[in-house]
Amino acid sequence: MSTVVTTLTGVAASHGSVHARAVGWDPGTAVAVEPAADIDDASARVVADLRFRAAAATSPEGAEVLEALVMFAADPELLALAKSRVDTGETPEAAVRSAASTYAEQLRGLGGYLAERAPDVEDVGARLADSLAGRAPAELPRPGHPYVLVARDLAPADTALLDPQVVVGIVTEQGGPTSHTTILARSLGIPAVVACPGARAALDGHEVLVDGTRGEVHLDPDADLVASVESREQQVAERRAQATGPGATADGVPVKLLVNVGTVDEAVAAAGQDVEGIGLFRTEFLFLGRTEEPELAEQIETYAAVLEAFGERRVVFRTLDAGSDKPVPFLGLAEEENPALGVRGLRTATSRLDVLERQLRAFAEAASRTGTEPWVMAPMVSTPAEADAFASLARGTGLHHVGVMVEVPSAALRAAQVLRSVDFASIGTNDLAQYALAADRQLGDVAPLLDPWQPALLDLVASTCTGASGRELPVGVCGEAAADPHLAVVLVGLGVRSLSMAPRAVPAVRATLAEAHLSLCRRAAEVARAAADPQSARSAVAELLG
Amino acid sequence: MPTRTAVIASSVGLHARPAGLFVGIAGEAVRSGVTVTIGRPGEEHVNAASILSVLSLGARQGDVVELSAEGENADAVLARLVDELSVDRDAKAS
């Protein structure tokens, strides 16, 4: 018996583990049907087929994916481009594929979310071509028992129809953390590992243990391994279900679990959940796209509604974060070549101090109306002088909890001075990563540099916490980093004492923190900072936390 | 030809569901005889009833876009589309 490869490694896409037989699948095998008459006929047939599948979809996310494909298959410009290529001599089958790739390439060039839709457009092109050639789309395997589906990649139309009673695990050779396969596997609760090269050849027909938490697939695992992974998963599930209330480490160090929200509706919805307050209330929605400043009364009413919804719980308001890429027409900001480095955040107060003054007054009025005291912070603070000026302005307005966001490396490096006159700091890891790694958040091509596990970013968080420690100022994190349970442990180890995230991320972070003593958090912070790159930081911490 | 500008309100930009809803309305307009185009101010416009063309604009939250319509009731169609762009359809997805 061979003992060469017993474990394949990929990217953990959907948590949980499952032990079952793997079935390899190649969607290229198709049945012959009557070919479509022309491109319009093919479009009508593919639309009908996808609508039929949408009706049978196993989750709302699946139905939504299929509805998007329906729109692509009926797109008038896509069909017109294909027809014009037929006029210049391409076969209809080749023309629909090449027209779809033209649009797919455009989307790839835009990066990020749009680039991830490119395979969907190609999938539609392939479906149109199949219809013209008289090939019916391949169906998922039905081996008569629950199985782990192993494929090169899954088209969205395939994943949308998965029955979680039958397909109990997924392994794909391609795909990424935000691809459809991942999103749908998570929504259906199916453990999944993606970006796992060589999976089909290695796994087909074998008993496998899919560890979607670690991103590993074990081939023909022995009973001990299966039992240990299963008991680990069961414990995690139990602790997650049991953990409620205020966040804390295993030894009782409080870590406030807060949420990021951007509208009154979101705030009211979040108030009904088991969270300790709002760590970041973005006020932009009141201002964005407005040609006139919102009236003081409208502002007071909005802020008061948020404070009322949260009662005694903490609410942190961020003052207007505008810039030439987040245009607020009445501010009269000039066009800039480089909006991320321009007049944005607190910097807009240099030309329009009156707007900031009115906003601060609205916070103070809302406070006295509701009898609760909001925390108020300014975005994009770079120097001690800016922080001092903001603090004295806010205090002069009658606000008592005044803070700044740390999202510019200079503020993190000189935290002791920058924080000398404020009451708290909140680290915006998304912007801090953008500035520390010199990588535009809007460019898909540089996205890997913005990984919240970048050791350089963790160094800046550490520097902020050290700077704040002299006066024992509370430091929080309100970026994407706070929502990753393992990274949350690292942040607490670095000295962070509040984490603000999307409401749905709170339970997992709470459960993971509750299992880690502060000493373990500190150790996790050390190993993460000692790593050379985000991936090894992640693995080292995963190893440590078991 | 009537033209209006709008600011993209959706936090995801003019992508995903917000784009689908927008293109759906533009498609309805085409069936009632009104053609609509969309583009960045001063740049070439694309067919507003084509989801792929609209996505390819890569319009993000806060971006300004220009809409033009031709046909009967063009003004009413434009007003409806501008309203659609001014709501954050993705607010709940945080």
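The values are calculated or read from the model by the stated rules, or taken from the named source; none is laboratory data. Because the structure is a prediction, the values reported are computed rather than measured. Note that each Cβ is placed from the backbone with ideal geometry, even for glycine, and that neighbours are counted across all protein chains shown.
Within the range A:274-295, being within 14 Å of another protein chain (Cβ to nearest Cβ), out of contact with any Ser or Thr (no Cβ under 7 Å at 6 or more places or on another chain), under 20 Å from A:Leu320 (Cβ atoms) and in contact (Cβ under 8 Å) with a residue 60 or more places away in the chain holds for one residue alone: A:Ile278.
Listed residues A:Ala528, A:Ala524, A:Ala508, A:Ala540; which is without any contact (Cβ under 8 Å) to a residue 60 or more places away in the chain, assigned by TED's automatic domain parsing to the domain that holds A:Gly479, within 20 Å of A:Val11 (Cβ to Cβ) and assigned to a helix (DSSP H, G or I)? From the options A:Ala528, A:Ala524, A:Ala508, A:Ala540, the qualifying one is A:Ala540. Do we have any residue at all in the range A:6-29 that's touching a His at 6+ places or on another chain (Cβ under 6 Å) and either outside any loop (DSSP other than H, G, I, E, B) or over 29 Å from B:Ala16 (Cβ atoms) (or both)? Checked against the condition, which is being touching a His at 6+ places or on another chain (Cβ under 6 Å) and either outside any loop (DSSP other than H, G, I, E, B) or over 29 Å from B:Ala16 (Cβ atoms) (or both), the range A:6-29 yields at least one hit.
Of A:Val355, A:Val376, all but one fail to be under 24 Å from B:Asp88 (Cα atoms), among the β-branched types (Val, Ile, Thr) and not in a loop (DSSP other than H, G, I, E, B); the exception is A:Val355.
Residue-wise test of (1) at pLDDT below 95; (2) under 22 Å from A:Thr319 (Cα atoms); (3) polar (S, T, N, Q).
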| position | (1), (2), (3) |
| --- | --- |
| A:Val418 | no, yes, no |
| A:Thr429 | yes, yes, yes |
| A:Tyr435 | no, yes, no |
| A:Gln442 | yes, no, yes |
| A:Asp445 | yes, no, no |
| A:Pro455 | no, no, no |
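Checking each residue in the range A:124-142 for being of a type outside the set (A, V, I, L, M, F, W, C) and modelled with pLDDT of 90 or more picks out A:Gly125, A:Arg127, A:Asp130, A:Ser131, A:Gly134. Yes or no: A:Ala56 without any contact (Cβ under 8 Å) to a residue 40 or more places away in the chain, surrounded by fewer than 19 Cβ atoms within 10 Å (Cβ to Cβ), over 19 Å from B:Leu14 (Cα atoms) and not polar (S, T, N, Q)? Judged against the criteria, A:Ala56 is not a match. Here is the figure for the range A:430-475: residues that are part of a strand (DSSP E or B) and farther than 30 Å from A:Val376 by Cβ total 0. For the range A:86-103, the criterion of being in a helix (DSSP H, G or I), within 30 Å of A:Leu450 (Cβ to Cβ) and under 25 Å from the mean Cα position of the chain (by Cα) is met by none of the residues.
Across the range A:445-473, which residue is farthest from the other protein chains (Cβ to nearest Cβ) among those that are crowded, with 17+ Cβ neighbours inside 10 Å and more than 21 Å from A:Ala537 (Cα to Cα)? That would be A:Gly467. Where residues in the range A:214-273 are basic (Lys, Arg) and over 23 Å from the mean Cα position of the chain (by Cα), which of them is farthest from the other protein chains (Cβ to nearest Cβ)? Once the filter is applied, the top-ranked residue is A:Arg232.
Scan A:Phe330, A:Phe317 and give me the residue that is within 14 Å of chain B (Cβ to nearest Cβ) and aromatic (Phe, Trp, Tyr). Step through it out loud before you land on a result.
Numbers: A:Phe317 fails: within 14 Å of chain B (Cβ to nearest Cβ).
Selected residue: A:Phe330, the only one of A:Phe330, A:Phe317 that is within 14 Å of chain B (Cβ to nearest Cβ) and aromatic (Phe, Trp, Tyr).
Of all residues in the range B:67-86, exactly one satisfies the criterion of being surrounded by 14 or more Cβ atoms within 10 Å (Cβ to Cβ), charged (D, E, K, R) and farther than 11 Å from B:Val36 by Cβ, namely B:Glu84. Residues in the range A:318-340 include at least one that is under 20 Å from A:Val261 (Cα atoms) and of a type in the set (Val, Ile, Thr).
Those helices (runs of 4 or more DSSP H) of the range B:3-94 in which at least 2 residues are away from chain A (no Cβ under 11 Å) and either at pLDDT 90 or above or in contact with a His (Cβ under 7 Å, 6 or more places away or on another chain) (or both), considering only elements entirely within it, cover B:16-31, B:74-85.
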